[in-house]
Each structure stands twice: as structure tokens, then as C-alpha cells.
Amino acid sequence: MAVVIDHMTPPFDRAGLNRELKELAALMNDYVAAGQKSPALAETRLKEINALSKKIGLLTDLKIEEIRTEAELEEVEHYLKEILEKQTPFGLHTFGRVPEEKFRRSTAEAIVAIEKGLSAEAAKEKRAEIEERIVRSAKRELDSFIDALSGRYIPAGRGNDPLRNPDSLPTGKNFYSFDPTRVPAKSTYEMGSRLAREFIEDYKKRHHVYPDKLTFSLWAVETMRHEGVMESQIMHLMGVRPRWDEREKVVGVEAIPRDELGRQRLDVTIVPSGLYRDLFANLMALLDGAVSAARDQQEDDNVVRTNILRTKKMLLEKGIAEEKAERMAAVRIFTVSSGAYGMNLDKVIPMSNTWDHESQVADVYFMRMSHLYGQGFWGDKGGEGREEIGRTLLKNALSGSKAVIHSRSTNLYATLDNDDFFQYLGGTGMAIRVIDGKTPELHVTNLSNPKAPKQETLEKAMGREMRSRYLNPAWIGAMMKEGYAGARFIDKVVEHLWGWQVTAPEVVDPAKWNEMYETYVLDRNGLDIKGMFRQAKNMHAYQSLVARMLETVRKEYWKADQAIVETLAREYAESVKEAGLACCDHTCNNPLLTKFTSSTLLSVPGLRPLEQGFRKALDIMKQPDRRQSQPRQGQTEQKAADSRAAAGRAPDGKETAAAKTKIVEGFEMKETQGAAGGSLAPIPWLFILGFLAFVGLVAFGFRKR
């Protein structure tokens, strides 16, 4: 039996604007003033606005080629206001510790700001109440932890992002989410229907036709937060709605009549996570029922029915029995096999020396996600000896998708602070690009403010996140105060940007890499970035992010200026000299990057001495006996280089596509024994003693009961 004790999120505050955005805002004010004096001066200011907006990648965020009209200027102005006022998490939460007073106040203000219509006095009282709950949360977290170790009861309560659900405070509860049999509620379905209509009407406005095919990504944690908004969108797009009993429980679905719907039914493919499959089997069945209900409507423009009949014909030609072919053709839910979790793109993409083309990465997606769910199947691949049928059906269902849509229902997590987002939204877009030769539109249903849900492009969601967080000096300072963990977090942001670069290259323009380079390598904000990493005792994190930028150049995703390449090579070599090699996926077990770095260093006279030290450090990593005798700063934070990468094997032990086409040499990391037969690493006595104390504490708690 297990208990989950919830804890506070990091504190929230308004993001503010970094130096470049402040400069842009000033230029826009100058443009307005110039327009009242001199058209020529206003034209000059507009050129300056365009030049800066292009340099920092803001035009990419808004999908604008050039700012020409007043409407486009207004769109930029609103975007800057969004970034300025965006509620952003600062730093990390330490379990059982009360945030600083200024952050308690800013978090309370962020929560109350969502509640419209409060009087000044009521808002003041609400802020004071929330601050008091935040203070109580810290003690309650520790008390609940000790009570759990003692075998005592932990009170249950609702969880969630506090900006979405203030009642999640105080924390320290055995939290729960909701009753899945009531998902979606009638009000939730109405919200989802409205968002679905907004999306297809906006698409029609831009393309002069409705999209005929879409793909949705579903996560369990997201559904726990939004309680069925994404599922409601899917059903409404198919022209289907839930049926509720007298107790508001969902008991099935029904087709919306064509004349009431007012448009054709859209074909929707659904890509849920493995956890979603396990937690929400009832919603999987509900969505599968929606596919069947849409298929059964005999309408001339029913795309769902037309596509299913076409797929059935293809399966019959492959020798599949008619009854089975009819069921297979109607499958619209695909994910990993029963009992499996994750696409594994987070394993493949970082090992960038083991593959040469994105199609090899997409092969992992097709292998992992080609399991059928619904229409009587649960994790099947097509039957014994017919595994290729599962892949064929997945590719057939994805092909022609005009857009892939994912949700974001939290103010804490975004697109770059975890690897799952690029795997599911980006990975699905990449898979469709490999099939069709073109990336579909990538969109995010933004539900972070439950009072103002909206649809937005991935470009805008990612751009706002980068500008409010990772390019924001205030955010960087708060995160680096977290020491080792904060430094690691920033390294992972760069790693996840690489994940998006591979899966959604149209979204990650060169400006994003230039901005990250100028912020974390050139230290344009004067924060003493390297000093921060040193103080955090995690120079390996700095080395890793520099090496990832260099590897992005080597793989020709980022066409960086030669001066940037030389600076990155120098920083990489100097960090190796200072802290030793961080053997993560893209460094010491990547001979191609090693060769690229060495040749860059040798090409610049002033950097040649660094090449010798760089090679020496690499040789030490290859020779354990020499490595043992070399003093190094700290221990490597990143994972030890995986011999599977050199062998061309995926994390599940299967041979990767890259290994079948090309042999990539690497360095095998071997465990060696010292003279006394002990491990090279010191025996972790403190850990062992701590573990024994923990076991004793638990035993003591149960004895007291």
C-alpha cells in the first residue's frame, strides 16, 4: 500500500521583459511617437523593429514574415504584454521549506488575479488567506512525511496546480484528482466543443477549407488537470457527444445529426501515453465508441467513414479476414504495447552520433507506437506474424493529418522543461513528415488559465516560454540559486531544445540557438554564468550544454557563424580541462563530435594548445587505470556513456536502424577493480547508514501502532 504526499510548486511571479524585449518595446513606443511627427522617421523605426524582431526570433513565434501593418504591430505589442505578465515559476521547491516572503506574496497575487470581479478588500483578504496556506504547507509536508513513516493516516484532498485550483493549498495531502466516470462533465464538453470550433474555423480562415484529418496527443496528468477538455474536442470534431445518466455519469456517446453539426465529420487519430492507457481505460473505450458512432453515419461527406472503408479494402487485399479487417480499419487509437511506457525518443535523439537521418528516429516511433487499441483490440500489432500490419495502420491513420494538437494545463511545466512534450507532439509531427514529406501544423491547447482557455501555435507557446524563462535574467538567477539541481535543469532545457530541433525543425529557428548561446555562453546579461555553474559544483552541466550546441552545428541543424563554432569549441575544451569529461550521451562516447571539435581547435592557431589537453582528457577516459590517478572536480552528473550507443542498440536491446546502415565506433566504459578488489568508487558509507536509519524509523513507527 502506498501514499503520495503532494508538495508545493515553485513560487510564481510575473516574468517581466529581458533586455532585448525592453529594447523592442521602446522601439515600438518610438514608432508611435515618430508617426505623429515624420513618416520617414516612422519608416526607419519600423525597419529597426523588424530587424530586432527577426534577430531574436520573435517573428517565428508569431508566424509573421515581416511586420508591415498596424494589425501586425498590435499583435507584437500584445505578445510582449503576454510575456511581461506571464506567471512564471522561479527556482525549485524544497520539500518542507517556506518560500521567501516576496515569492509568497507574488504567488498569492498570481492566484487571486485569475478570480475576476473581486472587490479590493475581498482580493486583499484572499491574498492574505493564500499566503497563510502557503506557510502552513511547509510544516504540513514534513508532518505528513513523518506520519507516513510512522504508519499514520494521511488526510486526502484535491491536488493540482494552485493557479488552477487554489484549494490544493495547503499541501502535504494524500492527493487525488477526480472521478473518471464523470469525465467529461457537460460544462467541460461545452468548453471542448467551443475550442474545437475555434480551431477549425481559424484553420478554414487561413486555408479556405476545413481540415479533414487531425491527430491528438493525450496524457494522463493533463486529463487529471483539465478533466476531459481534450477528449471533448476530439468527440466534437468527429460530430459526437457523450450521453450522461441522471447522476451525471457518462454512459456512452451519440452522433450529432449532420444538420445540427453544420459541417462534415473530421477523422481524428489519437495517440495516448502508456499511463493514460492504464489510468483511463474508460475514456479509451469512450473515444473508441465515438469513432464507431461517426463511422456509422451514412453521409456523403463523412470523411471518417470514407477513410475506414478505404483502409478496409487495403486490408482485404493483404489477406485479412473481412470481420477483422473491418475492425482494424476503424482503429484510431495507437500507443505502446500493454505494460510498456514511453516512445524512447528521449533515448535515441540525444545519442545523435548513432543516426544520420530523421527517418531512423521515426522508425523508433513507428516501432513503439504501432499497437492497436479499440474495436476489440488491446495492444495488438495485427496478429501473429503480421507485425507490419500495425505499422501500416498507424502510418495510414497519421497520413494526411493537417495538424497535431497537444494540451498544456499547468503554469509550472511547459514545452522545454521535460522530454515528453517533444516526444509526443514533436515526435508525432516528425512521423507524419516522414510519411507525407511535410510537417503538419503543431498546436497547443493552452488551458493554463481555466478562465481563459485558447488555442495557439507551438511556435508561440515555445517562444513565450523561452522569453519569460530561459532568456530571462531573473529566472536564470533564481534557478541557479538551486545549486547543482538548478544547473542540471538548465542543461536539460538545452537538451530538450535539441529534441524539438530534430522533431520540429520548422519551429526551432537559428535565432533560438543564437539566443541561448548569447545568454549562456557569451553571458550577455553579465550574470557570470560560468561562475554560477562553478558555485553550483556542476561544471559538467555547463560542458554538456556547450557540447550539445556544438553537436547541433556538427549535425548541420544550426548553421552557426564560424566565430560561434570556434567559441563553442574553446569553451568545450576549457571546461574539459577544468572539470574533466562529462560522459553524457553526446560527449566522450561521440567520436564524430570529438573529431569535429579537434579539427576546429586545430584550425585556429590560438586554440591549438587546447586540442592537446582535450585529447589527453579523452585518452584518460578510455584508460580506467590512468583515470583513477587523475584528480577531477566533482563527479560526473550525466549518465555514463552507454555502450549500447556504440553497439547501435536501442534501450530495449533491439538493433537500431542506424546500426543496420552504419557502424559507429565509440568507447566502451568498463568497470574495473582496485588492488584490493574493491570498486573504484568510494563505498557510500553515509548512504548505507542513512538507509539503515530510514528502515529503523519505519520499523519504529509500526511498533508504535
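Descending by average beta-carbon neighbour count within 10 Å, the peptides 175-186, 308-319, 114-125, 401-412 line up as 401-412, 175-186, 308-319, 114-125, the highest first. Using semi-axes √(5λ) of the Cα gyration tensor in Å as the read-out, say which of [x] 55, 30, 20; [y] 40, 33, 32; [z] 111, 78, 29 was calculated from these coordinates. The calculated read-out lines up with [y].
Structural descriptor for the chain: relative contact order 12 percent, calculated from alpha carbon pairs under 8 angstrom and at least 6 residues apart. Stretching the chain fully between Glu132 and Ser38 yields a gain of 28.4 nm (0.36 nm per residue, less the alpha carbon separation). As a fraction of the 1.4 Å probe accessible area of the range 1-153, surface on carbon and sulfur atoms comes out at 53 percent. Near Trp244, the amide H atoms lying under 5 Å from its own belong to Val251; only residues 5 or more places off or on other chains count, and H is placed 1.01 Å from N. Our coupling estimate for the range 510-526, obtained by passing each phi through the Karplus curve with A = 6.51, B = -1.76, C = 1.60 and θ = phi - 60°, is x, 4, 5, 5, 4, 5, 5, 4, 5, 6, 9, 9, 7, 6, 5, 8, x Hz, Gly and Pro reported as x. For the pair Leu316 and Lys204, a Förster radius of 30 Å applied to the C-beta separation gives a FRET efficiency near 0.30, rounded to the nearest 0.05. Working from label points 7 Å from Cα in the Cα-to-Cβ sense, the Glu578 to Ala122 distance is 5.4 nm.
Cys residues of the chain that find no other Cys beta carbon under 4.7 Å: Cys584.
Ranked by accessible surface with a 1.4 Å probe, highest first, in what order do Lys530, Lys81, Lys395, Lys512 come? Please list the in-between numbers first.
Working: Lys530 50, Lys81 105, Lys395 80, Lys512 5 Å².
Descending order: Lys81, Lys395, Lys530, Lys512.
Return the subset of Lys116/Lys249; Lys381/Lys460; Lys55/Lys86; Lys22/Lys460; Lys438/Lys595; Lys559/Lys622 for which the Cα-Cα distance in this structure is over 28 Å, preserving the input order.
Lys116/Lys249; Lys381/Lys460; Lys438/Lys595; Lys559/Lys622
Counting only Cβ charges, +1 for Lys and Arg and -1 for Asp and Glu, the dipole size of the range 406-480 around its Cα centre is about 280 debye. In this rough spin-label picture, where each label sits 7 Å from Cα along the Cβ direction, the Glu260-Lys616 distance is 7.9 nm. Going toward the positive end of the dipole of the range 454-537, with +1 on Lys and Arg Cβ and -1 on Asp and Glu Cβ, which of Gln455, Ala485, Gly499 do you reach last? Projecting each Cα onto the dipole axis, the largest value belongs to Ala485. Note on the chain: dipole from Cβ charges, positive end direction compared against Pro11, Ala397, Asn307; the farthest Cα belongs to Pro11.
Using a simple charge model, +1 on the beta-carbon of Lys and Arg, -1 on the beta-carbon of Asp and Glu, nothing else, what dipole does the range 536-577 show about its Cα centre, in debye to the nearest 20? All intermediate terms of the calculation are to be shown ahead of the outcome.
Numbers: 7 positive and 6 negative charges, 33 e Å.
Here the range 536-577 has a charge dipole of around 160 debye.
Legend: residues Val361, Val250, Val4, sorted from most to least accessible area (1.4 Å probe; ligands, DNA and RNA excluded), read Val4, Val250, Val361. Projecting the Cα atoms of Val361, Tyr210, Ala340 onto the charge dipole of the chain (Cβ charges, centred on the Cα centre) puts Ala340 farthest toward the positive pole. A helix-only calculation puts the chain at -16500 deg cm²/dmol for mean residue ellipticity at 222 nm, using -39500 (n - 2.57) for each DSSP H run of at least four residues, averaged over all residues. A probe of 1.4 angstrom, applied to the heavy atoms of all protein chains, finds Trp244 with accessible area near 60 square angstrom. Think of each Lys and Arg Cβ as +1 and each Asp and Glu Cβ as -1; about the Cα centre, that makes the dipole of the chain roughly 1240 debye.
Under a 5 Å amide H cut-off, with hydrogens placed 1.01 Å from N, Tyr176 pairs with Gly157, Arg158, Gly159 among residues at least 5 apart or on other chains. Once the Cβ-Cβ distance of Leu149 and Asn449 is raised to the sixth power relative to R0 = 56 Å, the FRET efficiency obtained is 0.90. Taking square-rooted eigenvalues a ≥ b ≥ c of the alpha carbon gyration tensor, is the range 1-153 rounded, prolate or oblate, where a/c under 1.5 means rounded and, failing that, a/b exceeding b/c means prolate? Since a/c reaches 1.5 and a/b is larger than b/c, the shape of the range 1-153 is classed as prolate.
Only protein heavy atoms count here; on that basis, with a 1.4 Å probe, Thr587 has an accessible area of about 0 Å².
If we count every other residue with Cβ under 13 angstrom of Glu131's Cβ, Lys/Arg +1 and Asp/Glu -1, where does the sum land?
Values: positive: Lys102, Arg104, Arg105, Lys124, Lys126, Arg127, Arg133, Arg136; negative: Glu100, Glu101, Glu109, Glu125, Glu129, Glu132.
Neighbourhood net charge equals +2.
For Gly379, nonlocal amide neighbours, meaning residues 5 or more places apart or on other chains whose placed amide H falls under 5 Å from its own, are Leu372, Tyr373, Gly374. Extension gain, Glu388 to Glu70, is 109.1 nm, computed as 0.36 nm per intervening residue step minus the present C-alpha separation. Between rounded, prolate and oblate, where does the range 258-396 land on the alpha carbon gyration tensor, with a ≥ b ≥ c its root eigenvalues, rounded for a/c under 1.5, else prolate if a/b exceeds b/c? Because a/c hits 1.5 or more and a/b exceeds b/c, the range 258-396 counts as prolate.
What does the net charge come to around Asn282 if you take all other residues with beta carbon closer than 12 Å to its beta carbon, with K and R at +1 and D and E at -1? Don't jump to the answer; show the numbers that get you there.
Working: positive: Arg182, Lys249, Arg277; negative: Asp179, Glu231, Asp278, Asp288.
Summing Lys and Arg as +1 and Asp and Glu as -1 gives -1.
The calculated FRET efficiency for the pair Glu248 and Ala340, based on their C-beta separation and a Förster distance of 30 Å, comes to about 0.30.
Solvent-accessible area per residue for the range 15-71 at a 1.4 Å probe radius, Å²?
Details: 3230 Å² over 57 residues.
Here the per-residue accessible area is 57 Å².
Here the 3J(HN,Hα) profile of the range 184-195, calculated from phi with Karplus coefficients 6.51, -1.76 and 1.60 at θ = phi - 60°, is x, 5, 4, 5, 5, 5, 5, 5, x, 5, 5, 5 Hz, Gly and Pro shown as x. The distance between label points at Asp179 and Leu92 comes to 3.9 nm (points 7 Å beyond Cα on the Cα→Cβ vector).
The values are calculated or read from the model by the stated rules, or taken from the named source; none is laboratory data. This one's a predicted model, so the numbers in the text were calculated from it and none came from an experiment. Here the Cβ is made from the backbone with ideal geometry for all residues, glycine too, and neighbour counts use every protein chain on show. Accessible surface is based on the protein model in full, side chains and every heavy atom, while ligands, DNA and RNA are left aside. Shrake-Rupley method; radii C 1.70, N 1.55, O 1.52, S 1.80 Å.
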